[in-house]
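**Student:** Here's a structure for you.
A short reminder: the numbers here are calculations on the coordinates, not readings from a lab. The structure presented is a predicted model; accordingly, all values stated were derived computationally and were not measured. In this analysis, Cβ positions are derived from the backbone assuming ideal geometry, glycine residues included, and neighbour counts consider all displayed protein chains.
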Amino acid sequence: MKRFGVIGHPIAHSLSPLLHNTAFSLLGLDCSYEAFDIDPASLPAAIREFKDQGFVGLNVTIPHKESTLSLVDELTDEARAVGAVNTVTLSGSHVRGDNTDVYGVAASLEQYRPEIRDRIVVLIGAGGSARAIAYALIDRFAPAEIVIANRTQRRAQELIADIEPYAKETSLRAISVSDENLDRLMPSASVVINATPVGMFPLVDHSPIGDRTSFHSNQVVLDLIYTPLETRFLSLASKCGARTISGLEMFLHQGARSFEIWLGRRMPLDQIRPVILNQLHTRQTTAEP
Ligand code: NAP
């Protein structure tokens with residue numbers, strides 16, 4: 001049996017085991033996938049242990065995405081550019097680190113490609129996922145400009161300094177999320193993305209831009225959060241006629257890409273999506289996302 005897992009801290013609520021085990025079962029694969037709570041100090045020893053036990057692949061989540069970079073033998077271009085690893089492939093003594101969040105966000109936005117090229121994107125947040133999004137946008141969609149709106153300006157500036165070398169056709173600029181210029185800028189954006197945890201369960205009445213509703217019907221609005229599926233941010237955007245995408249799409253696609261890297265098989269996402277949605281609805285009705 002091929003063994004896989006997800007490592008994080010905490011990890012109890014991860015949907016990755018359900019995602020991958022459902023795929024194994026649908027495809028009749030002799031594989032298993034478990035969640036492992038690894039505290040940061042134990043990460044190097046844990047990776048060695050997974051290697052010794054013959055694990056084939058690991059997903060890596062908060063808080064280990066950055067620290068895993070220095071624990072692998074080989075990095076893909078995407079993991080290096082983003083500065084984070086979310087997928088590890090173990091083959092013999094060799095460990096490769098990849099970043100499938102880049103693919104995940106690109107797949108979530110693919111149907112809106114014409115709305116992104118040569119247009120303005122407002123990206124709220126400057127953490128690990130915002131880095132993957134900024135890289136995916138400049139590498140796959142070439143917007144004219146990405147405006148990074150973050151609470152901490154220094155972090156947004158650091159993201160720009162690291163990603164700018166890859167940006168051939170896109171200019172990057174930082175702004176404070178509380179700057180009133182953001183309100184003036186929002187109407188010119190074709191795409192608005194929330195890459196912060198603001199609005200996630202249990203603080204579902206919060207939105208990263210408060211109740212400011214400068215959305216409009218020509219916009220595409222993506223929230224990385226999927227608990228709840230419709231955040232306050234997406235609900236405000238939807239009321240203004242914007243097309244909205246929940247973070248579930250990115251979650252499904254980043255997992256499907258890891259699966260493909262490890263097994264060379266496509267994950268049957270159309271059959272798996274209802275299983276994950278059902279689990280999310282169950283958690284929402286028991287107030288336990
Ligand atoms: P991270 O590295 O910790 O970054 C968090 C970002 O959110 C930072 O820019 C931070 O601003 C900002 N932030 C946090 N609390 C805030 C607050 N109260 N007010 C304003 N800004 C705040 O986290 P991450 O890994 O990028 O993850 C961000 C979100 O994306 C999380 O909700 C995560 O669950 C979600 N996510 C979803 C997927 C998916 O597949 N759908 C994948 C990855 C991540 P400062 O710099 O000022 O601290």
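**Student:** Within 10 Å of each residue's Cβ, count the other Cβ atoms and sort ARG184, ARG265 from fewest upward.
**Tutor:** ARG184, ARG265
**Student:** To continue, here is another question. Hey, quick one: spin label on GLU164, modelled 7 Å out along Cα-Cβ, who in region 128-145 has an amide N within reach, i.e. under 13 Å?
**Tutor:** none
**Student:** Can I ask one more? If you average the sequence gap of Cα pairs under 8 Å that are 6 or more apart and divide by the length of the chain, what percent do you get for the contact order?
**Tutor:** Computed value for the chain: 15 percent relative contact order.
**Student:** In terms of modelled amide H atoms, which long-range or inter-chain residues lie less than 5 Å from the amide H of SER171?
**Tutor:** Amide H neighbours of SER171: GLU145, ILE146.
**Student:** Let me ask you something else. Tell me, what HN-Hα J-couplings in whole Hz come from the Karplus equation 6.51 cos²θ - 1.76 cosθ + 1.60 at θ = phi - 60° for each residue of region 185-198, using x for Gly and Pro?
**Tutor:** Those phi angles translate into 7, 3, x, 7, 7, 7, 10, 10, 10, 9, 10, 10, x, 6 Hz.
**Student:** Go ahead and collect, in residue order, the members of region 186-219 whose backbone nitrogen is under 13 Å from a label point 7 Å along the Cα-Cβ direction of GLN284.
**Tutor:** Under 13 Å, as judged by backbone N against the label point of GLN284, lie 201, 204 of region 186-219.
**Student:** Quick one: net charge of ARG266's neighbours, Cβ under 15 Å, K/R +1, D/E -1?
**Tutor:** +1
**Student:** Check cross-link reach from LYS2 to the aspartates and glutamates: straight Cα distance under 15 Å, and skip same-chain residues fewer than eight apart.
**Tutor:** ASP30, GLU34, ASP52, GLU260
**Student:** Over region 83-212, what is the percentage of antiparallel beta bridges among all DSSP beta bridges, to the nearest 5?
**Tutor:** 25 percent
**Student:** Please give the net charge around ALA81, taking every other residue with its beta carbon less than 10 angstrom from that of ALA81, where Lys and Arg add +1 and Asp and Glu add -1.
**Tutor:** -2
**Student:** Quick check: Cα centre of region 5-62 to Cα centre of region 172-234, how many Å?
**Tutor:** So the two Cα centres are separated by 31 Å.
**Student:** Run the numbers for SER188 and SER235: contour at 0.36 nm per residue of separation, minus the present Cα-Cα distance, in nm.
**Tutor:** Result for the pair: 14.9 nm of gain on full extension.
**Student:** Let me ask something else. Please arrange MET250, MET200, MET267 by how many other C-beta atoms lie within 10 Å of their C-beta, fewest to most.
**Tutor:** Least crowded to most crowded, the residues run MET200, MET267, MET250.
**Student:** Cα to Cα, under 13 Å, and not fewer than 8 places away if on the same chain: which aspartates and glutamates meet these conditions relative to LYS239?
**Tutor:** Within the straight-line limit of under 13 Å, LYS239 reaches these aspartates and glutamates: ASP211, GLU230.
**Student:** Excluding residues on the same chain fewer than 8 positions from LYS65, give the lysines whose Cα lies under 22 Å from its Cα.
**Tutor:** Partners found: LYS51.
**Student:** How big is the charge dipole of the chain about its Cα centre, in debye rounded to the nearest 20, if each Lys and Arg gets +1 on its Cβ and each Asp and Glu gets -1 on its Cβ?
**Tutor:** Approximately 320 debye in magnitude.
**Student:** Ordered by residue, what ³J(HN,Hα) values in Hz, to whole numbers, does region 155-162 give under the Karplus form 6.51 cos²θ - 1.76 cosθ + 1.60, where θ = phi - 60° and Gly and Pro are x?
**Tutor:** Values, residue by residue: 5, 5, 5, 5, 4, 4, 4, 6 Hz.
**Student:** Right, here's the next one. Apply the Karplus parameterisation 6.51 cos²θ - 1.76 cosθ + 1.60, with θ equal to phi minus 60°, to every residue of region 209-217 and state each ³J(HN,Hα) to the nearest whole Hz, in sequence, with x for glycine and proline.
**Tutor:** After applying 6.51 cos²θ - 1.76 cosθ + 1.60, I find 10, x, 9, 5, 10, 8, 6, 8, 6 Hz.
**Student:** Turning to a different aspect of this structure: When DSSP assigns beta bridges and you keep just the ones with both residues in region 44-110, what percent turn out antiparallel, to the nearest 5?
**Tutor:** Approximately 80 percent, going by the DSSP bridge assignments.
**Student:** Net charge around ALA106, counting only other residues with Cβ within less than 15 Å of its Cβ (Lys, Arg = +1; Asp, Glu = -1)?
**Tutor:** Cβ neighbours under 15 Å give a net charge of -4.
**Student:** Here is a further query. Starting with the fewest neighbours, write out ILE146, ILE116 ranked by other beta-carbon atoms found within 10 Å of each beta-carbon.
**Tutor:** Sorted ascending by nearby Cβ count, the order is ILE116, ILE146.
**Student:** Then there is this: Between GLN157 and LYS2, how many nm apart are label points set 7 Å from Cα along the C-beta direction?
**Tutor:** 4.6 nm
**Student:** Additional query: Give, in nm to one decimal, the length gained when the segment between LEU277 and ALA41 is fully stretched (0.36 nm per residue of separation minus the Cα-Cα distance).
**Tutor:** Length difference between fully extended and current span is 81.5 nm.
**Student:** Per the Kirkwood treatment, what hydrodynamic radius in Å, one decimal, follows for region 1-89 from the mean inverse distance over all distinct Cα pairs?
**Tutor:** Result for region 1-89, one decimal place: 13.4 Å.
**Student:** Given the peptides 78-90, 56-68, 9-21, arrange them by the average over their residues of other C-beta atoms within 10 Å, most packed first.
**Tutor:** Listed from highest to lowest mean packing, they are 78-90, 56-68, 9-21.
**Student:** Among DSSP beta bridges lying fully in the chain, give the percent that are antiparallel, nearest 5.
**Tutor:** In the chain, approximately 20 percent of DSSP beta bridges are antiparallel ones.
**Student:** So who's got an amide H within less than 5 Å of the one on ASP118, skipping anything under 5 residues away but keeping other chains? H placed 1.01 Å off N, in plane.
**Tutor:** For ASP118, whose amide H was placed from the backbone, the distant partners under 5 Å are ALA144.
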